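Asker: Below is a structure I'd like to ask you about.
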Amino acid sequence: MITMRHLFIFLFFASALVLRAQDTYSDDFESYTAGAFVAKSNTTNWRTWTNTAGGAADDAKISTKQAASGSNSFVIRNTVSGGGPEDLILKIGGTRNKGTLDIGWKVYITRDSGAYWNFQGTATPGGSWAMDCQILPDGKLYITTGTLNTKTIPFPIGEWVDFRALIDITNNMFSIYINGQCEGVYRSQVNTVGGVDFFANVGSSYYVDDLFYNYSAEAPVYGATEAGLVGMTVEGGRQIEGEVIKLNTTLYNVGTDTITSVVYQITSGGGNFVDTLNTVLAPGKTLNWTIPNDVTLFDGDNNVSITLIEVNGGVDSFTCNNAMNATVFAVKPADHRKIILEEGTGTWCGWCPRGAVFLDQISPLYDEYIIPIAVHNNDPMTVAAYNSVITTFPGFTGFPGMVVDRREVWDPSQALQPALPFLREAPDAIISLGAKINDDPTKMDFSVKFNFLNDIPAGYKMFLTLSENDVKGDATTYNQANYYAGGASGPMGGYETLPNPVPFSQMVYQHVARSFNANNNLAAYTAGDSLVLNFTVAMEAKWNQDKMKVIGVLLKKDGKVSNANDATIDEAVKAGFILNAKERILTDAKLSVYPNPAFSTASVNMQLSQATPVSVSLLDIQGKTVFTQDFGNHQGETSLSLNLSQLTSGIYTVMVRTNSGVVTQKLTVIK
């Protein structure tokens with residue numbers, strides 16, 4: 001039933017509309033029998049993804065467990081792997097390409113669950129997607145309209161919530177309201193609306209009640225000066241504390257006057273500031289607007305907003321589209337910490353280009369913090385032992401799948417956000433990687449050194465793998481299946497323009513795992529201990545070592561990643577190969593480094609109880625050795641001079657190694 005508030009908002013949004021009976025529908029589901037199928041009971045207004053008659057597994061049932069009014073609602077609950085079975089579609093009288101649609105419902109999301117629905121672009125399911133709405137268990141609504149969108153909206157879980165979309169189809173404006181509050185305006189990649197798909201996406205469990213829509217073929221009439229903002233994306237920077245980003249939005253003019261000036265305000269954790277945009281924006285035109293003002297990120301949720309204060313010296317009447325809010329999440333990484341993302345993929349997998357596109361988005365942008373690894377399955381690039389680890393990981397149900405730091409499994413396109421918080425965890429050890437050319441050209445020797453920062457119990461594990469970039473195949477077994485061909489499934493990093501399959505001559509594979517060596521039962525170590533493990537890896541002649549990295553990973557007893565590090569083979573060779581050893585920390589060396597911070601030189605001072613060879617190494621914040629010098633034999637009070645002229649600004653670990661053990665201290669270098 002349409003309430004007076006529903007009707008008031010609709011008439012304000014679209015003035016002077018004449019509604020026809022067939023363009024209005026409301027339902028509180030009280031006329032349905034508990035347990036009945038929705039589409040089967042009402043084929044006029046409902047269907048399912050697979051058929052128009054309903055009654056199959058993808059039809060939703062009426063429930064009496066939750067209701068916003070009366071006793072009934074319908075329930076969408078994921079009970080099968082990969083999503084489903086419910087896939088219920090609300091009809092809106094055909095594919096609408098103009099006019100105004102006011103549509104809404106009340107939704108109750110079960111605690112610790114999510115919800116998903118989308119606005120279809122056509123009356124026939126699957127023709128196109130106008131907008132996706134995904135609510136995760138953390139209580140955030142993520143809205144996507146075919147492009148990357150950082151916009152998130154708080155969405156209560158465990159209570160009834162009023163969701164509404166006021167859609168000006170003619171001008172392609174989706175105004176989203178939550179509990180009567182306007183949360184922003186979006187534009188779709190398609191300029192049509194054909195229905196709403198309530199789907200049981202993975203983790204979904206929700207109830208829908210008091211649903212309605214009103215449609216008019218008439219477009220809204222706006223005032224002479226009417227500007228709006230739609231969408232917000234982030235340009236530049238990483239989601240790391242201290243990074244500087246810029247905001248991008250679209251400014252549009254649906255009024256009758258040309259816009260010449262806009263006064264706007266930016267609000268973020270760094271404060272508020274007001275600025276003016278001088279432009280010439282004719283009626284009906286849009287401007288892709290990169291805000292010139294910098295925004296600095298802090299650890300946690302960064303709530304950022306852009307608000308139009310004045311347009312042409314005054315205030316326009318429709319204020320819902322005058323502000324865009326975004327939550328940009330950032331983290332402060334722990335020193336020396338890196339995480340790994342292991343993608344299960346294969347040339348036979350038609351959806352796996354999605355994983356490749358995602359890894360290309362984070363690398364090299366996040367190479368300082370994230371190590372991507374493509375673990376292939378059932379194709380010429382498969383490493384059987386590694387493939388077995390990934391495909392048997394708890395929660396891995398299909399391809400492509402992303403194992404995030406050996407904690408969780410996500411779709412590759414959604415893996416970055418859950419991965420970033422793990423960077424905050426302090427590692428148990430700093431990992432250093434070394435290598436040497438073996439006398440046998442078909443083999444290479446690698447060393448993995450762990451400098452333990454914490455006490456660890458027996459039972460930790462580790463593994464070493466090599467990865468290769470720019471891998472090209474030489475046979476049809478390297479052809480990549482591509483279900484994005486033709487563009488029907490939307491844009492996907494250019495794969496929508498490529499055939500299915502993509503011929504091997506056009507494919508270049510990145511981050512390909514080439515080996516897997518593991519030690520699954522480390523002994524107990526105390527803080528200050530060092531452990532070096534050696535591995536000999538068979539190297540195939542077709543591998544391009546200039547494009548390869550060596551990766552070392554330390555795993556906790558429960559299998560979660562404690563820390564990881566990587567280096568190019570050239571970097572590992574230059575760092576040097578270390579034979580198996582367990583080193584103890586020197587407790588009586590009285591190490592000091594002066595000055596600290598240092599500029600071009602520093603002195604390392606210590607007390608040595610006996611004559612011993614001394615070497616000094618500098619490790620960067622990621623644990624890579626960037627400097628090593630042997631100083632010969634020393635005893636007693638010792639002072640060694642370090643030349644820092646080749647180093648960049650940053651925080652380094654000074655590691656002094658003697659026959660009796662090692663001692664370390666932090667050093668800040670400023671240039």
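Asker: If a residue counts only when it is under 18 Å from residue 100 (Cβ atoms) and open to solvent by less than 30 Å² (accessible area, probe 1.4 Å), which strands (runs of 3 or more DSSP E) contained entirely in segment 113-184 have at least 2 such residues?
Answerer: Ranges flagged: 115-120, 129-136, 160-168, 173-178.
Asker: Tally up the residues in segment 506-545 that are among the hydroxyl-bearing types (Ser, Thr, Tyr) and closer than 18 Å to residue 578 by Cβ, please.
Answerer: 3
Asker: Just give me the residues in segment 206-235 being within 25 Å of residue 410 (Cβ to Cβ) and open to solvent by 10 Å² or more (accessible area, probe 1.4 Å), in sequence order.
Answerer: Result: 231, 233, 234, 235.
Asker: Name the residues in segment 70-92 that are small (Gly, Ala, Ser) and either open to solvent by 40 Å² or more (accessible area, probe 1.4 Å) or not in a loop (DSSP other than H, G, I, E, B) (or both), would you?
Answerer: 70, 71, 73, 81, 82
Asker: Read through the list (1) part of a strand (DSSP E or B); (2) within 30 Å of residue 400 (Cα to Cα); (3) open to solvent by less than 30 Å² (accessible area, probe 1.4 Å), then give the number of the only condition that residue 266 fails.
Answerer: Just one mismatch for residue 266, condition (2).
Asker: Additional query: Could you list, in sequence order, the residues of segment 272-284 that are assigned to a loop (DSSP other than H, G, I, E, B) and either in contact with a strand residue (DSSP E or B) (Cβ under 6 Å, 6 or more places away or on another chain) or under 15 Å from residue 323 (Cα atoms) (or both)?
Answerer: Answer for segment 272-284, where residues must be assigned to a loop (DSSP other than H, G, I, E, B) and either in contact with a strand residue (DSSP E or B) (Cβ under 6 Å, 6 or more places away or on another chain) or under 15 Å from residue 323 (Cα atoms) (or both): just 283.
Asker: For segment 48-65, name all the residues that are over 15 Å from residue 84 (Cβ atoms) and open to solvent by 40 Å² or more (accessible area, probe 1.4 Å).
Answerer: Across segment 48-65, the qualifying residues are 52, 53, 64, 65.
Asker: Moving on to the next point. Restricting the search to segment 593-607, which residues are in a strand (DSSP E or B) and either under 39 Å from the mean Cα position of the chain (by Cα) or at pLDDT below 90 (or both)?
Answerer: Selection gives 598 alone.
Asker: Sticking with this structure for a sec: Please find, among 210, 197, the residue that is in a strand (DSSP E or B), in contact with a Pro (Cβ under 7 Å, 6 or more places away or on another chain) and touching a residue at least 12 places away in the same chain (Cβ under 8 Å).
Answerer: The unique qualifying residue is 197.
Asker: Only one of 424, 337 is surrounded by 22 or more Cβ atoms within 10 Å (Cβ to Cβ) and among the basic types (Lys, Arg). Can you tell me which?
Answerer: Testing whether each residue is surrounded by 22 or more Cβ atoms within 10 Å (Cβ to Cβ) and among the basic types (Lys, Arg) leaves just 337.
Asker: While we're on this one: Taking segment 420-439 as the search range and keeping residues that are in a loop (DSSP other than H, G, I, E, B) and out of contact with any Ser or Thr (no Cβ under 9 Å at 6 or more places or on another chain), which one is nearest to residue 330 (Cα to Cα)?
Answerer: Per the stated criteria, the residue is 426.
Asker: Additional query: If you go through segment 466-505, how many residues are part of a helix (DSSP H, G or I) and either more than 19 Å from residue 349 (Cβ to Cβ) or open to solvent by 20 Å² or more (accessible area, probe 1.4 Å) (or both)?
Answerer: Result for segment 466-505: 7.
Asker: (1) modelled with pLDDT of 95 or more; (2) surrounded by 22 or more Cβ atoms within 10 Å (Cβ to Cβ): which one isn't true of residue 412, the others all being true?
Answerer: (1)
Asker: Separate question: Name the one entry in 278, 312, 288 that is open to solvent by 30 Å² or more (accessible area, probe 1.4 Å), within 30 Å of residue 223 (Cβ to Cβ) and touching a residue at least 60 places away in the same chain (Cβ under 8 Å).
Answerer: Every option except 312 fails the conditions.
Asker: Something else now. Is at least one residue of segment 346-369 surrounded by 23 or more Cβ atoms within 10 Å (Cβ to Cβ) and out of contact with any helix residue (DSSP H, G or I) (no Cβ under 9 Å at 6 or more places or on another chain)?
Answerer: Checked segment 346-369: no residue is surrounded by 23 or more Cβ atoms within 10 Å (Cβ to Cβ) and out of contact with any helix residue (DSSP H, G or I) (no Cβ under 9 Å at 6 or more places or on another chain).
The values are calculated or read from the model by the stated rules, or taken from the named source; none is laboratory data. Only a predicted model underlies this, so the values are computations on that prediction, with no experimental measurement involved. Cβ coordinates were reconstructed from backbone atoms using ideal geometry, including for glycine residues, and neighbour counts include every protein chain displayed. When the accessible area is computed, the model is the full protein with side chains, heavy atoms only, and any ligands, DNA or RNA have been set aside. Shrake-Rupley method; radii C 1.70, N 1.55, O 1.52, S 1.80 Å.
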